[in-house]
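Okay, so here's the structure we're looking at.
The values are calculated or read from the model by the stated rules, or taken from the named source; none is laboratory data. Source: prediction; values computed, not measured. Positions of Cβ are backbone-derived with ideal geometry, glycine not excepted, and every protein chain shown enters the neighbour counts.
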There are 2 protein chains.
Amino acid sequence: MTAIPGPIDPPTRLLMGPGPISAYPSVLRAMSAPLVGQYDPFMTATMTETQELYRGVWSTANDATLLIDGTSRAGIEAAMISLIRPGDRVLVPVFGRFGHLLAEIAERALAEVHTIEVPWGQVFPTSVLEDAIVRVRPALLALVQGDTSTTMLQPLEDIGEICARHGVLFYTDATASLGGNAFEADAWGLDAATAGLQKCLGGPSGSAPITLSERAVEIIRSRAKVEAGIREPGDVDAPDFVRSNYFDLGMILDYWGPRRLNHHTEATSMLYGARECARVLLLEGRDAVIERHRINGEAMLAGVRGLGLVVFGDVAHKMSNVVAVEIPEGVPGDVARAAMLNDFGIEIGTSFGPLHGRVWRIGTMGYNARTDAVLQTLAALETVLRRFGAAVPVAGGVEAALSAYGSASDGD
Amino acid sequence: MTAIPGPIDPPTRLLMGPGPISAYPSVLRAMSAPLVGQYDPFMTATMTETQELYRGVWSTANDATLLIDGTSRAGIEAAMISLIRPGDRVLVPVFGRFGHLLAEIAERALAEVHTIEVPWGQVFPTSVLEDAIVRVRPALLALVQGDTSTTMLQPLEDIGEICARHGVLFYTDATASLGGNAFEADAWGLDAATAGLQKCLGGPSGSAPITLSERAVEIIRSRAKVEAGIREPGDVDAPDFVRSNYFDLGMILDYWGPRRLNHHTEATSMLYGARECARVLLLEGRDAVIERHRINGEAMLAGVRGLGLVVFGDVAHKMSNVVAVEIPEGVPGDVARAAMLNDFGIEIGTSFGPLHGRVWRIGTMGYNARTDAVLQTLAALETVLRRFGAAVPVAGGVEAALSAYGSASDGD
């Protein structure tokens, strides 16, 4: 390296894509708090306090509520490989990109993976899920709650009861949805749920909240028998041990639990950030935050329709916090997104898989689920659409959004 | 939760244990920089820039130099499970706690693990390592450079040549040592090396620098064939695929490389912090930072001897950045450590395994490898030792350290 660069100095961005999004200012402040030692009384108290905060976020009494030190994907993998025994049947209903991810992780965990699919833009009727459960008789159902690739929100309310009736463990990936849509870990009968900070929780990627039912903990404990030296070297037939040390929830539970057994060195700054994400959510009130996402999501939805854009997918089952719109004929999608970024400092999202090049995804999450962010985005998008010759209705997106905000306050 | 707690407000600590340690102030500032999107030109440029900074830290031209999103243990697991095929022979020389960790991770990766051991407080003579390599004929040698559990620094200079001669991949865990002791990834013939930020690099735990030789990358690429849907469900006999999605370096290399294929959502704040750790190191100069660790480590060593404490282990093979001292007869080790923390805000370390209750470990790392931190620690420790009736020589630790600093500056 010839010249050493200066301190990090990011450009100002309003992140209105499907995530990561702009963090709450207080979360960024928390990230720079001084470090303490791993077993400092302040550290262990902060870990315990953070667990309690996340019980509030997840709406659970689960003792086993904690953080995995990695991105949301680390939480998914920790949950799945700790619950799946090699050869277990795992059912993964796929309604977007992240269903495929769950299936792939289950496959790598040597599960017998069964998938069912609906076209992108739809969710599964509960009866279809129950039929598949009856047919496959899986050990584990792994189901995404909100898939940002399609913006769809899979209803989960009735699934836990079905799983319990059929003796199936129920795991959900709530990365994209938690904090911006209803989530009731206990009332919905979840055995495991994971998330990340970089969506509706309004923090940086790098810490994965997880909660586990007592039943899930029992299974994990029953597999936590492998310690260095106990297995014979080369005993590759041992069917039941977790292939990962880093994601072995049996060990991680003992690190977060009263035994405080040393495992990894906790990512202290990420812990501070994760704590603040939960704290700001609970200070505002969980229901109030979900309602704020609903109101701003509906304003954005009204706004993009006011711009003449066609919304993708089954809007009745859309997440509150993200909307996908078809890129109008003749508008160069990536060039328009670059104009949003370069001229206005506003990021909106591209898309993956079958939707690649077809839709933009626009998020209203966490700190950015607020009026000025919605209106700035709509005003900028209107300018860019007109620049590329799209037919934008005269009333435009901002007025449509304001009108939606008006009905929202009237309605409440 | 009845009352929601206030913003995070950690007590002031001088972290003089074996790590984690107090971060450089500029690293903490970097942690709170605003977020940008995952494919923002600023983000990808920052990733590329950080790779180049870490080539300087590792002393390598390896293209495959990047960060794993997790703690140092995540880096270890990513390297090992991506390089080890099930059934591979792996040789792990164990000279402390972290050798056992490497053996356990190799075992979970279904390796045929062979360990050799020396008593805690010693390192392996090169000839012993070569003999074991000839006997075991492993596919991979996994060797810790610096093991904080014993404070020992395994010499690595000649091992790479031996490995190359015998066709053995050479991996080292440099978590505790990198940045405070010499490290030459290319000159020493490393195929893979991993670290963390929370030791001599002076940052928070949560990001793991890794560097991989071309030979290691070839092996990883040859295993990166498994994508969703390519394997048949239930095909548990496929011998060669990596069991983890999160730690599949084949995919992670394509995320950091020119293809920029989406994998996890990069932990942006940890990236900023990791970048700043490398930046401050290279600004000061890699050799200058290593020399600063040497000078302050020698001052601490002289200081604890000046306090009448007996140093544990083979001092000629000690890491610069940590010293272990026997707890004097009659001094209650944990009570004395608590007094250091509560009265002075200074943390020193306890110990594990065979050394538990026998030694304290005192670090001088990263930002805290500096005179005032060394002298504060020695002065506080002297007071505490006297309080518990230890026989402290009249001249004491601070004067001994100052005298060592004096010789250090004379000598240079």
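Residue under question is A:Pro354, and the condition is that it be in a loop (DSSP other than H, G, I, E, B), in contact (Cβ under 8 Å) with a residue 40 or more places away in the chain and on the phi < 0 side of the Ramachandran plot; does it hold?
no
Kindly indicate whether B:Pro332 is over 23 Å from the mean Cα position of the chain (by Cα) and either surrounded by fewer than 24 Cβ atoms within 10 Å (Cβ to Cβ) or over 30 Å from A:Leu28 (Cβ atoms) (or both).
yes
Just checking, which of A:Arg386, A:Arg337 is touching a Phe, Trp or Tyr at 6+ places or on another chain (Cβ under 8 Å) and either free of Cβ contacts under 8 Å to residues at least 24 places away in the same chain or in the same structural domain as A:His100 (by TED's automatic domain parsing) (or both)?
Testing whether each residue is touching a Phe, Trp or Tyr at 6+ places or on another chain (Cβ under 8 Å) and either free of Cβ contacts under 8 Å to residues at least 24 places away in the same chain or in the same structural domain as A:His100 (by TED's automatic domain parsing) (or both) leaves just A:Arg337.
Answer with yes or no whether B:Leu35 is part of a strand (DSSP E or B) and assigned by TED's automatic domain parsing to the domain that holds B:Tyr171.
no
For segment A:216-237, check the following and say yes or no: at least one residue is modelled with pLDDT of 95 or more, aliphatic (A, V, I, L, M) and outside any loop (DSSP other than H, G, I, E, B).
Scanning segment A:216-237, I find at least one residue that is modelled with pLDDT of 95 or more, aliphatic (A, V, I, L, M) and outside any loop (DSSP other than H, G, I, E, B), so the answer is yes.
Within segment A:97-112, can one find any residue that is aromatic (Phe, Trp, Tyr), outside any helix (DSSP H, G or I) and closer than 23 Å to A:Thr150 by Cα?
no
Being of a type in the set (Gly, Ala, Ser) and either assigned to a strand (DSSP E or B) or in contact with a strand residue (DSSP E or B) (Cβ under 8 Å, 6 or more places away or on another chain) (or both) is the filter here; which residues of segment A:357-383 pass it?
Of everything in segment A:357-383, those that are of a type in the set (Gly, Ala, Ser) and either assigned to a strand (DSSP E or B) or in contact with a strand residue (DSSP E or B) (Cβ under 8 Å, 6 or more places away or on another chain) (or both) turn out to be A:Gly363, A:Ala373, A:Ala380.
Considering segment A:15-36 alone, what residues qualify as being more than 16 Å from B:Tyr39 (Cβ to Cβ) and in contact with a helix residue (DSSP H, G or I) (Cβ under 6 Å, 6 or more places away or on another chain)?
A:Tyr24, A:Ser26, A:Val27, A:Ala30, A:Met31, A:Ser32, A:Ala33, A:Leu35, A:Val36
Search segment B:1-19 for residues being aliphatic (A, V, I, L, M) and part of a loop (DSSP other than H, G, I, E, B), and hand back the single one that is nearest to the chain's Cα centre (by Cα).
Within segment B:1-19, the match that is nearest to the chain's Cα centre (by Cα) is B:Met16.
Within the bounds of segment B:83-91, is there any residue that is within 14 Å of another protein chain (Cβ to nearest Cβ), among the charged types (D, E, K, R) and either part of a loop (DSSP other than H, G, I, E, B) or within 21 Å of A:Val242 (Cβ to Cβ) (or both)?
Yes: one or more hits.
Taking the criterion of being touching a Leu at 6+ places or on another chain (Cβ under 8 Å), assigned by TED's automatic domain parsing to the domain that holds A:Ala299 and at pLDDT 95 or above, would at least one residue in segment A:348-358 satisfy it?
Yes - at least one qualifying residue is present in segment A:348-358.
Within segment A:20-32, track down each residue that is in a loop (DSSP other than H, G, I, E, B) and within 7 Å of another protein chain (Cβ to nearest Cβ).
Those that are in a loop (DSSP other than H, G, I, E, B) and within 7 Å of another protein chain (Cβ to nearest Cβ): A:Pro20, A:Ser22, A:Ala23, A:Ser32.
Which is out of contact with any helix residue (DSSP H, G or I) (no Cβ under 9 Å at 6 or more places or on another chain) and buried (at least 20 other Cβ atoms within 10 Å of the Cβ), of A:Gly313, A:Gly303?
It is A:Gly313.
Yes or no: segment A:335-346 includes at least one residue that is in a loop (DSSP other than H, G, I, E, B) and either touching a helix residue (DSSP H, G or I) at 6+ places or on another chain (Cβ under 6 Å) or farther than 12 Å from A:Leu381 by Cα (or both).
The answer is no, given that none of the residues of segment A:335-346 is in a loop (DSSP other than H, G, I, E, B) and either touching a helix residue (DSSP H, G or I) at 6+ places or on another chain (Cβ under 6 Å) or farther than 12 Å from A:Leu381 by Cα (or both).
Taking the residues in segment A:238-250 that are surrounded by 16 or more Cβ atoms within 10 Å (Cβ to Cβ) and more than 10 Å from chain B (Cβ to nearest Cβ) as candidates, determine which candidate is modelled with the highest pLDDT.
A:Leu249
In this structure, is B:Val90 surrounded by 24 or more Cβ atoms within 10 Å (Cβ to Cβ), more than 20 Å from the chain's Cα centre (by Cα) and more than 27 Å from B:Cys277 (Cα to Cα)?
Yes: the conditions hold for B:Val90.
Which of the residues that make up segment B:54-68 are crowded, with 22+ Cβ neighbours inside 10 Å and farther than 17 Å from B:Ile220 by Cβ?
B:Tyr54, B:Val57, B:Trp58, listed by residue number.
So if I check each of A:Leu14, A:Leu35, which one is facing chain B (nearest Cβ under 7 Å) and touching a strand residue (DSSP E or B) at 6+ places or on another chain (Cβ under 8 Å)?
Residue meeting the stated conditions: A:Leu35.
Is one or more of the residues making up segment B:293-300 surrounded by fewer than 24 Cβ atoms within 10 Å (Cβ to Cβ), assigned to a loop (DSSP other than H, G, I, E, B) and either aliphatic (A, V, I, L, M) or more than 19 Å from the chain's Cα centre (by Cα) (or both)?
No, there is no match, as no residue in segment B:293-300 is surrounded by fewer than 24 Cβ atoms within 10 Å (Cβ to Cβ), assigned to a loop (DSSP other than H, G, I, E, B) and either aliphatic (A, V, I, L, M) or more than 19 Å from the chain's Cα centre (by Cα) (or both).
Name, by its number, the condition in (1) over 17 Å from B:Thr172 (Cα atoms); (2) within 11 Å of chain A (Cβ to nearest Cβ); (3) touching a residue at least 40 places away in the same chain (Cβ under 8 Å) that does not hold for B:Thr44.
Every listed condition holds for B:Thr44 apart from (2).
If B:Ile84 satisfies every condition in (1) crowded, with 24+ Cβ neighbours inside 10 Å; (2) more than 15 Å from the chain's Cα centre (by Cα); (3) more than 19 Å from B:Gly250 (Cα to Cα) but one, which is the exception?
Unmet for B:Ile84, out of (1) crowded, with 24+ Cβ neighbours inside 10 Å; (2) more than 15 Å from the chain's Cα centre (by Cα); (3) more than 19 Å from B:Gly250 (Cα to Cα): (3).
Within segment B:371-380, can one find any residue that is modelled with pLDDT under 95 and surrounded by fewer than 24 Cβ atoms within 10 Å (Cβ to Cβ)?
Scanning segment B:371-380 turns up no residue that is modelled with pLDDT under 95 and surrounded by fewer than 24 Cβ atoms within 10 Å (Cβ to Cβ).
Please determine, by comparing only the residues of segment B:47-81 that are more than 18 Å from the chain's Cα centre (by Cα), of a type in the set (A, V, I, L, M, F, W, C) and part of a helix (DSSP H, G or I), which one is nearest to the other protein chains (Cβ to nearest Cβ).
Filtering segment B:47-81 for residues that are more than 18 Å from the chain's Cα centre (by Cα), of a type in the set (A, V, I, L, M, F, W, C) and part of a helix (DSSP H, G or I), the one nearest to the other protein chains (Cβ to nearest Cβ) comes out as B:Ile81.
Output the number of the condition that A:Ala3 fails; it satisfies all remaining conditions of (1) among the aliphatic types (A, V, I, L, M); (2) outside the structural domain of A:Cys277 (by TED's automatic domain parsing); (3) at pLDDT 95 or above.
Against the list (1) among the aliphatic types (A, V, I, L, M); (2) outside the structural domain of A:Cys277 (by TED's automatic domain parsing); (3) at pLDDT 95 or above, A:Ala3 comes up short only on (3).
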